2 protein chains.
Amino acid sequence: MLTSRTLNELLGATVFMKAEQFQRGGAFKFRGAYNKISQLEDPVALIAYSSGNHAQAVALVARIKGLPATIVMPEDAPAVKLRAVKEYGADVITYDPVSEDRGEIAARLVTERGADLIPPYDDPQVMAGAGTSAMELIDEVGALDVLVVCIGGGGLIAGCATAAHSMSPGIRVIGVEPEDANDTALSMAAGKRVVIDAPRTEADGLKVITPGVLTFPIIQRLVESVVTVTGPEIVDAMAFLFERMSLVVEPSGAVALAAAMAGRVNLEGKRVGIIISGGNIGPERFCRLVSSPWNNQHD
Amino acid sequence: MLTSRTLNELLGATVFMKAEQFQRGGAFKFRGAYNKISQLEDPVALIAYSSGNHAQAVALVARIKGLPATIVMPEDAPAVKLRAVKEYGADVITYDPVSEDRGEIAARLVTERGADLIPPYDDPQVMAGAGTSAMELIDEVGALDVLVVCIGGGGLIAGCATAAHSMSPGIRVIGVEPEDANDTALSMAAGKRVVIDAPRTEADGLKVITPGVLTFPIIQRLVESVVTVTGPEIVDAMAFLFERMSLVVEPSGAVALAAAMAGRVNLEGKRVGIIISGGNIGPERFCRLVSSPWNNQHD
């Protein structure tokens, strides 16, 4: 858990950040993967499909448990994430995200190898594991008025909202998405799961086209609202974390803070928890993002 | 205190890093400045000359103590450090480091304003304050075989070596300098304080032309050896900290780790403490360094 006097002054709030970039594998995903895999009966091998952080988490848990793992990753996954998965000892199968269906590839591997498929978010044990992030935060700092959490498939916020409402009654849980990956915001407005076009956001961990079957009802029940942030707002938050807190955070990891810094949530005078969901970004990509025209197109 | 399984595997050692980038002001300098200023008798104002981290530390302590502060900084000090000093509320006087003498400017201000000059390193209370970094590290992790510390004026290593030898008898303390700021290495070889030409290293916190009058005898007595690292080795360490540990560290702050990673010190099987001395670097400068030809000129 990290704090910043500068951030508190900027927001007029007392902010507690849970730093999941320091979790094993560099993101919150280890929590769900470990919880899920630990409860499998007699596993012989593991399969996962993921653009990155979930892949690393499953590869790492597989190594810890002494199980072989195969990870199905898109060809265009960030290099630092591909490299980390291989270094953890997992097999990597890449696919073309435009022409191939990763679900089919994974299903075939499950049949061929008798492996267990570890879902990235739409699973009770994966959600429960992810929720230990908010659980630890509130356990450490006490009751909060507001908790701000990014949304990809919704496993992190579903687990965190469940833990937060149980430990800090009356807490307001706010979800945040990149503006072009706003499937959950649209689904909340529609009252049902909406499917969007493939998002192009740099927040690669949040490129999901529709909320999970299991995560969405929990979000409807426990999340007060879902707001969106622009690309430049995400980069501003990454640059703040870099310059003022000496922290490296990937775009997805900075989305919740970006919403707070951009004034999307009223935090004045509040005790606020922000989940920084991960830090897996290489220097090259970080530098491209903070120096890109994308970062100057403030709208 | 931070650890990395990847780093331990890489070095074949058990490494404990003291993360001074998370200290107030973003570097270890707060420790010495606070200790010194707290012991002044009836201070009315503070003066310091510094290229950066000491300046920030004095400005910050002045604010905490409610004292006016004037900081004499070179025109070419990193923008992020100039900005932080001003944000802490201190007056900044810039000078041309080629044609002007910062000591004279500061002495004039001391006379004019009745202010106390806070030295950056060559002072017993500043050294003692800096030494609390190693004190806290050993207090937290227990006895160490080796402690690796960067050397600018020598205040950090003098204080840390004093604390380390007292708390962890038999510890080997190794100093590290950038290769073109090797005044202490040359002085150790000569057995007396040697003056070098103005260094051009990117490790701006370590640009010192001769060891301190007070720090050098302590270094001679308590530091086993002083090794040097190249610019590219410093950048490699910065990139490792960024990519594998999600940490932003300035060049000076990465110098001790660079020596470990470059094999300058035999650490095999040892319990090793490394002081990461500071993190004050902006994204622009970080990106220029990691993408510069300097980083590809491995020698």
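Annotations for the structure displayed:
- Sites B:GLU136 and B:THR3 - FRET efficiency at Förster radius 25 Å, r taken between beta-carbons, to 0.05: 0.95
- 13 Å beta-carbon shell around B:ILE171, net charge (K/R +1, D/E -1): +1
- Residue-averaged [θ]222 nm for chain A, counting only DSSP H segments that reach four residues, each worth -39500 (n - 2.57): -13500 deg cm²/dmol
- Accessible area (Å², 1.4 Å probe, nearest 10) - B:GLU112: 120 Å²
- DSSP beta bridges confined to the protein assembly as shown are antiparallel in about 10 percent of cases.
- Between 0 and 90°, nearest 10: helix B:102-113 axis offset from chain B longest Cα axis: 40 degrees
- At 7 Å out from Cα toward Cβ: A:ASN266 inter-copy label distances (nm, ascending): 6.7
- Database remark: amide H of B:VAL229 closer than 5 angstrom to the amide H of B:GLU177, B:GLU179 (H placed geometrically; neighbours at sequence offset of 5 or more, or on other chains; Pro and chain starts carry no H).
- A straight Cα-to-Cα reach below 18 Å connects A:LYS86 with the lysines A:LYS29, A:LYS65, residues fewer than 8 places away in its own chain not being considered.
- Sorting B:118-126, B:240-248 by average packing, meaning the other beta carbons within 10 Å per residue, from highest down gives B:240-248, B:118-126.
- Put simply, when A:178-190, A:227-239 are sorted by average Cβ atoms within 10 angstrom per residue, most first, you get A:227-239, A:178-190.
- For segment B:113-147 and segment B:187-229, distance of Cα centres in Å: 17 Å
- Solvent-accessible area lost in complex, 50 Å² minimum, residues of segment B:238-282 relative to chain alone, 1.4 Å: B:PHE242, B:GLU243, B:ARG244, B:SER246, B:VAL248
- Ranked by the mean number of other Cβ atoms within 10 Å per residue, highest first, peptides B:10-20, A:273-283 order as A:273-283, B:10-20.
- Solvent-accessible area buried by pairing A with B, both sides, nearest 100 square angstrom, 1.4 angstrom probe: 2100 Å²
- By accessible area, using a 1.4 Å probe on protein heavy atoms only, the protein assembly as shown has 48% of its surface on carbon and sulfur.
- Computed over chain B: relative contact order in percent, which uses C-alpha pairs under 8 Å that are six or more apart: 22 percent
- Working from label points 7 Å from Cα in the Cα-to-Cβ sense, the B:ASP91 to A:SER225 distance is 4.7 nm.
- Rounded tilt (10° steps) of B:155-167 against the dominant C-alpha axis of chain B: 50 degrees
- Annotation: the antiparallel percentage among DSSP beta bridges lying fully within segment B:29-117 is about 0.
- Across all C-alpha atoms in segment A:29-117, the radius of gyration and Dmax reach 12.0, 35 Å.
- A Förster distance of 45 Å, applied to the separation of the beta-carbon atoms of B:GLU268 and B:SER38, puts the FRET efficiency at 0.60.
- Of all DSSP bridge pairs formed entirely within chain B, close to 5 percent run antiparallel.
- Put the Cα centre of segment B:55-108 next to the Cα centre of segment B:1-43 and the gap is 22 Å.
- Computed over protein heavy atoms with a 1.4 Å probe, the accessible surface of chain A works out to 39 Å² per residue.
- Shortest-first distances to equivalent copies, position B:ASP145, nm, label 7 Å out along Cβ: 5.3
- At full extension, A:GLU100 and A:LEU10 could sit 27.8 nm farther apart than now, given 0.36 nm per residue minus the alpha carbon distance.
- Formal net charge of residues neighbouring B:VAL148 (Cβ-Cβ distance under 10 Å; K, R +1; D, E -1): +2
- Here the calculated FRET efficiency for A:LEU117 and A:SER291, from their Cβ-Cβ distance with R0 = 56 Å, stands at 0.90, rounded to the nearest 0.05.
- The same position A:GLU112 in the other copies lies at 7.8 nm from this copy, comparing label points 7 Å beyond Cα toward the beta-carbon, shortest first.
- Helix A:124-141 axis versus longest C-alpha principal axis of chain A: approximately 30°, rounded to the nearest ten.
The values are calculated or read from the model by the stated rules, or taken from the named source; none is laboratory data. Quick caveat: nothing in here was measured; it's all calculated off a predicted structure. For neighbour counting, all protein chains shown are included, and Cβ atoms are generated from backbone atoms with ideal geometry for every residue, glycine included. Side chains included, ligands, DNA and RNA excluded: accessible areas come from the protein's heavy atoms. Shrake-Rupley method; radii C 1.70, N 1.55, O 1.52, S 1.80 Å.
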